[in-house]
1. Would the stretch 283-296 turn up any residue that is surrounded by 21 or more Cβ atoms within 10 Å (Cβ to Cβ), within 28 Å of Phe406 (Cα to Cα), hydroxyl-bearing (Ser, Thr, Tyr) and touching a Leu at 6+ places or on another chain (Cβ under 7 Å)?
2. For the stretch 107-127, what are the residues that are in contact (Cβ under 8 Å) with a residue 12 or more places away in the chain and under 14 Å from Met51 (Cα atoms)?
3. Can you tell me how many residues in the stretch 382-406 are out of contact with any Lys or Arg (no Cβ under 9 Å at 6 or more places or on another chain) and surrounded by fewer than 24 Cβ atoms within 10 Å (Cβ to Cβ)?
4. Would you please list the contacts, defined by Cβ atoms under 8 Å and residues six or more apart or on different chains, that run from a residue in the stretch 415-444 that is over 30 Å from Ala334 (Cα atoms) and of a type in the set (S, T, N, Q) to a residue that is modelled with pLDDT of 85 or more and outside any helix (DSSP H, G or I)?
5. Please find, among Pro95, Pro80, Pro115, the residue that is surrounded by 18 or more Cβ atoms within 10 Å (Cβ to Cβ) and modelled with pLDDT under 85.
6. Looking at the stretch 118-138 only, could you name the residues that are part of a loop (DSSP other than H, G, I, E, B) and surrounded by 20 or more Cβ atoms within 10 Å (Cβ to Cβ)?
7. Do you know which of the residues in the stretch 33-77 that are assigned to a helix (DSSP H, G or I) and of a type in the set (Ser, Thr, Tyr) is surrounded by the most Cβ atoms within 10 Å (Cβ to Cβ)?
8. Go through the stretch 386-448 and tell me which helices (runs of 4 or more DSSP H), entirely inside it, have 1 or more residues that are among the aliphatic types (A, V, I, L, M), within 25 Å of the chain's Cα centre (by Cα) and at pLDDT 90 or above.
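The values are calculated or read from the model by the stated rules, or taken from the named source; none is laboratory data. What you are looking at is a predicted structure, and each value in this text was computed from that prediction instead of being measured. FYI the Cβ positions are ideal-geometry reconstructions off the backbone, even for glycines, and counts take in every protein chain you see.
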Amino acid sequence: MNDQTPDLINPGKAWPALSENSFLRYFNFIALYIAQGIPEGMTYFGIPAWMAMNGKSPAEIGAFVAVVGIPWSFKFVVAPMMDRFTYLPMGRRRPWVIFGQLGLMASFIGIALVPDPLNNLGWFMVAGFFISFFGAFQDVATDGMAIDIIPIEQQARANGMMWGSKTVGISASLATGTWLINHYGFSIAILSLSILVCMIMLVPLSLRERPGEKLLPWSSGEASEDTKEMHLQSWSVIFKSLYSVFTLRNSLILSVILFFSGMAFNFMNTLIPVFTIQAVGWTDQAYSRVNATSSLIAGILGMLIGGFLIDRFGKIRMLSIYYCTVILLVIFMAFLKLYWGHAYFTTSYIFFYNILYVFSTVGIFAVAMQLCWKKISASQFTLYMTIANLGYIAGSASIGPLKNNFSWEYTLLAFSAMLCVSLLMLQILRTRDHLDRINKLEQIELTS
């Protein structure tokens, strides 16, 4: 059987492997992050807005988003398994990417089949949980693949493209999904969006990580020497190495930054649809149009200049600027209640917030990738993301108690307080010192 997938330009030739071709690397990660963005756009934004429009309370909406976020905090359970086990002839990460994408397709279709979801929140939350469960699988494998095969000098730009494309997927699915819900109903809307998720499956099925690997289990090919060298055969080595690198000073500082920034941003992301509909008086369609358009613009800007700015001016400097700006933006919004009813004012706020959110995400994840030890990249990066996702859960879960006890103004200000913690910790983070410590750990292992 011939497993050589033909090149679009030169029929009969195989496509280059991801490790060989920058364009295909970017294309692969853009596609996989769009696949994550489509269901996230609905579960984190479209469905909460739809629930708010149908009279569900902030506590019920916050509970749904919190349940959907739980599996993202379990990623650390599967990451060491991905470092320890894989089918190397198909690549170090690619078999797990394919598994996660298959489950994401099935679970996204599954939530469309929940009967009367607004009055059956228990099963609705279960379905949302499984979307995130398989999305987390795909995410861990995709991030591990990115750290393994993207050169360090391309990681910031790749992060811009990855998170920009995810934002594009979120905004596109939000706008399209909300329109479909209002015209054809919830089930038809979700099933329609799932078609694109299924189509993206063709990307990881068609592109090898490294030359000579198999496309499919029954194809010809073999494991590359690079993957054999990186692959770890012992649980003790994985966890000992992870403990050594995670307990370094700068790794612990980054963990605090990730938790509070995740808490702040998911708090605001969950709050915005509820705020615009229940406090400002928008419809869910009006909100989705504004948020989708602004997220689309933010995603494109993230892809085009997000990584470039970080490369040009430095990760810590640009991230500090983003955090300071978004903190001030939310403070101004909280104290200018008189203007909330003006469509242009609230619309401008959402636009600027979404741009700063995407740029901040590109920055903090580029920092996290830089601090990873490549041989345990999936476990270490996932541990960082697990801590961030614990913050996500805390952020969305805090909406109900805060709103029940405080006004909208003080609820908004809670975001700035959360993010201030990350901003302060960012000033004492030293990435170069951390990389020097990783080099010393590697030398110790070589001599032991």
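1. Yes; the residues of the stretch 283-296 include at least one that is surrounded by 21 or more Cβ atoms within 10 Å (Cβ to Cβ), within 28 Å of Phe406 (Cα to Cα), hydroxyl-bearing (Ser, Thr, Tyr) and touching a Leu at 6+ places or on another chain (Cβ under 7 Å).
2. Pro117, Leu118, Leu121, Phe124, Met125
3. Counting residues in the stretch 382-406 that are out of contact with any Lys or Arg (no Cβ under 9 Å at 6 or more places or on another chain) and surrounded by fewer than 24 Cβ atoms within 10 Å (Cβ to Cβ) gives 13.
4. Close Cβ pairs satisfying both conditions: Thr431/Leu371.
5. Pro80
6. Answer for the stretch 118-138, where residues must be part of a loop (DSSP other than H, G, I, E, B) and surrounded by 20 or more Cβ atoms within 10 Å (Cβ to Cβ): there is none.
7. Per the stated criteria, the residue is Tyr33.
8. Per the criteria, 408-426.
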